[in-house]
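K.L.:
Pasting a structure below so you can have a look.
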Amino acid sequence: EPEVTQTPSHQVTQMGQEVILRCVPISNHLYFYWYRQILGQKVEFLVSFYNNEISEKSEIFDDQFSVERPDGSNFTLKIRSTKLEDSAMYFCASREQVPVHGYTFGSGTRLTVV
Amino acid sequence: DQQVKQNSPSLSVQEGRISILNCDYTNSMFDYFLWYKKYPAEGPTFLISISSIKDKNEDGRFTVFLNKSAKHLSLHIVPSQPGDSAVYFCAASFDSGGSNYKLTFGKGTLLTVNP
């Protein structure tokens, strides 16, 4: 069964450092997303990406965040200057044109900012 | 901002019995609802969905019921199995433009199925 692959599974970084979280969505999917889950809280939408541009972003997704699909297969989330409150599980997801089959999520990257 | 609410943080049932997980929503724009299952250290796994034009959708042991007037949906698992033990998330969406369908999640319900 096709999978969404995320790397690394765990990233520890110093506050103020840049991090890049990587994702390989399912190859025939067209819509790509990043969500995050702070420990003990709900899964929150960050950003959606379609046709090589951001289609929607949440209030969380400020100027410190950016996304890129550099080569047609990878989909990355960059945090320029990490803060302690960025510590969370970050999930990449992708889906087909028709949402009836739901999204496929990756296993997540646990980001710890110290 | 609790547009999607799962008021029961946990539920415990005996193997073979029915598990009923509930979800309420407040945003009338939502027209597509999904249930996800999540194990620790894994991403959410899609279980079943329902469009607002339906009031029931079945897939094997899983059935989702939608009551639009009450803005309520439920997931029934029959019969429950120990392997069903996980956190179950209710999610809702609508087309916010360009077929985006971003998901708004509830906080989840931890289901424990006891042998």
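K.L.:
Taking only pairs that are 8 or more places apart or on different chains, how many Lys pairs in segment B:9-98 have Cα atoms under 17 angstrom apart?
P.N.:
For segment B:9-98, the number of qualifying lysine pairs is 4.
K.L.:
Order by neighbour count: A:91, B:105, fewest other Cβ atoms within 10 Å first, most last.
P.N.:
Listed from fewest to most nearby Cβ atoms, that is B:105, A:91.
K.L.:
Further question: Nothing charged except the Cβ atoms of Lys and Arg (+1) and of Asp and Glu (-1): what's the magnitude of the dipole of the protein assembly as shown about its Cα centre? Round to the nearest 20 debye.
P.N.:
Details: 21 positive and 24 negative charges, 90 e Å.
Here the protein assembly as shown has a charge dipole of around 440 debye.
K.L.:
Taking the Cα atoms of chain A alone, what are Rg (to one decimal) and Dmax (as a whole number) in Å?
P.N.:
Computed over the Cα atoms of chain A, radius of gyration and Dmax are 13.3, 40 Å.
K.L.:
Residue A:28 versus residue B:95, label points 7 Å from Cα toward the beta carbon: distance in nm?
P.N.:
2.2
K.L.:
What is the distance in Å between the Cα centroid of segment B:34-93 and that of segment A:37-61?
P.N.:
What the calculation gives is 22 Å, centre to centre.
K.L.:
If you don't mind, another one. Apply the Karplus curve 6.51 cos²θ - 1.76 cosθ + 1.60, θ = phi - 60°, to the phi angles in segment A:42-47 and return the couplings in whole Hz, x for Gly and Pro.
P.N.:
Per residue, the Karplus-derived 3J(HN,Hα) values read 7, 6, 10, 6, 10, 7 Hz.
K.L.:
About the Cα centre of segment A:31-114, how large is the charge dipole given +1 on each Lys and Arg Cβ and -1 on each Asp and Glu Cβ? Please answer in debye to the nearest 20.
P.N.:
Details: 9 positive and 11 negative charges, 53 e Å.
Charge dipole, segment A:31-114, about its Cα centre: 260 debye, nearest 20.
K.L.:
Would you mind getting me the FRET efficiency between residue A:38 and residue B:61? Use the beta-carbon distance for r and R0 = 22 Å, nearest 0.05. Working shown, then result.
P.N.:
On the way: r = 32 Å, r/R0 = 1.45.
Computed FRET efficiency for residue A:38 and residue B:61 comes out at 0.10.
K.L.:
With both partners inside chain B, how many of the DSSP beta bridges are antiparallel, as a percent to the nearest 5?
P.N.:
Numbers: 36 of 41 bridges.
Restricted to chain B, the bridges split so that about 90 percent are antiparallel.
K.L.:
Treating cross-link reach as a plain straight distance, find the lysines whose alpha-carbon is under 18 Å from the alpha-carbon of residue A:78, omitting any fewer than eight places away in the same chain.
P.N.:
Partners found: A:57.
K.L.:
Can you run phi through the Karplus equation (6.51, -1.76, 1.60; θ = phi - 60°) for segment B:8-17 and list ³J(HN,Hα) in whole Hz, with x for Gly and Pro?
P.N.:
9, x, 8, 8, 10, 9, 8, 3, x, 8
K.L.:
Let's see if you can work this out: charge +1 on each Lys and Arg Cβ, -1 on each Asp and Glu Cβ, no other charges. What is the dipole magnitude of segment B:1-109 about its Cα centre, in debye to the nearest 20?
P.N.:
Working: 11 positive and 10 negative charges, 27 e Å.
Taking the Cα centre of segment B:1-109 as origin, the dipole is about 120 debye.
K.L.:
Please order A:46, A:30 by the number of other Cβ within 10 Å, starting at the fewest. Walk me through the numbers on the way to the answer.
P.N.:
Working: A:46 22, A:30 15.
Ranking A:46, A:30 by Cβ neighbours within 10 Å, fewest first, gives A:30, A:46.
K.L.:
Continuing with the same structure: For residue A:31, what residues show an amide H to amide H distance below 5 Å, using hydrogens built from the backbone and excluding near sequence neighbours?
P.N.:
A:95
K.L.:
Under 5 Å between amide hydrogens, which residues at least 5 positions from residue B:96 or on another chain qualify, with H placed 1.01 Å from N in the peptide plane?
P.N.:
Residues meeting the amide H criterion: B:101, B:102.
K.L.:
What ranking do B:4, B:78 get, fewest neighbouring Cβ atoms within 10 angstrom at the top? Walk me through the intermediate numbers first.
P.N.:
On the way: B:4 25, B:78 13.
So the residues, fewest neighbours to most, are B:78, B:4.
K.L.:
For residue B:85, which sequence-distant residues (separation of 5 or more, or a different chain) have an amide H within less than 5 Å of its own amide H, given hydrogens modelled in the peptide plane?
P.N.:
When sequence neighbours closer than 5 places are left aside, the close amide H contacts are B:113.
K.L.:
Which residue, B:46, B:101, B:80, has the largest displacement toward the positive end of the dipole of chain B when charges sit on each Cβ (Lys, Arg +1; Asp, Glu -1)?
P.N.:
The residue sitting most towards the positive pole is B:80.
K.L.:
Hand me the GluC sites (Glu not before Pro) from segment A:1-108 located in a DSSP loop with no more than 15 other Cβ atoms within 10 Å, in residue order please. Display every interim value, and only then the final one.
P.N.:
On the way: sites: A:3, A:18, A:44, A:53, A:56, A:59, A:68, A:85, A:96; in loops: A:3, A:18, A:59, A:96.
Taking segment A:1-108 and a limit of 15 other Cβ atoms within 10 Å, the loop GluC sites (Glu not before Pro) found are A:3, A:18, A:59, A:96.
K.L.:
What is the Cα convex hull volume of chain B when expressed per residue in Å³?
P.N.:
Values: hull volume 11.9 nm³, N = 115.
Per residue, the Cα convex hull of chain B comes to 104 Å³.
K.L.:
Is segment B:37-103 best put as rounded, prolate or oblate by its Cα gyration tensor, with a ≥ b ≥ c the root eigenvalues, rounded for a/c under 1.5, and otherwise prolate when a/b is larger than b/c, oblate when not? Write out the running numbers ahead of the final one.
P.N.:
On the way: a/c = 2.40, a/b = 1.29, b/c = 1.86.
Note, shape of segment B:37-103 comes out oblate.
K.L.:
Let me ask something else about it. Contact order normalised by length for chain A, with contacts defined as Cα pairs under 8 Å and 6 or more residues apart; what percent is it?
P.N.:
Values: 277 pairs, mean separation 43.9, N = 114.
Relative contact order here is 39 percent.
K.L.:
Hey, for a label at residue A:9 modelled as a point 7 Å past Cα toward Cβ, could you say which residues of segment A:84-103 have their backbone N under 19 Å away?
P.N.:
Under cut-off, by backbone N: A:88-93.
Coordinate-derived values only; no laboratory data. What you are looking at is a predicted structure, and each value in this text was computed from that prediction instead of being measured. Cβ sites come from the backbone with ideal geometry, for glycine too, and all protein chains shown count toward neighbours.
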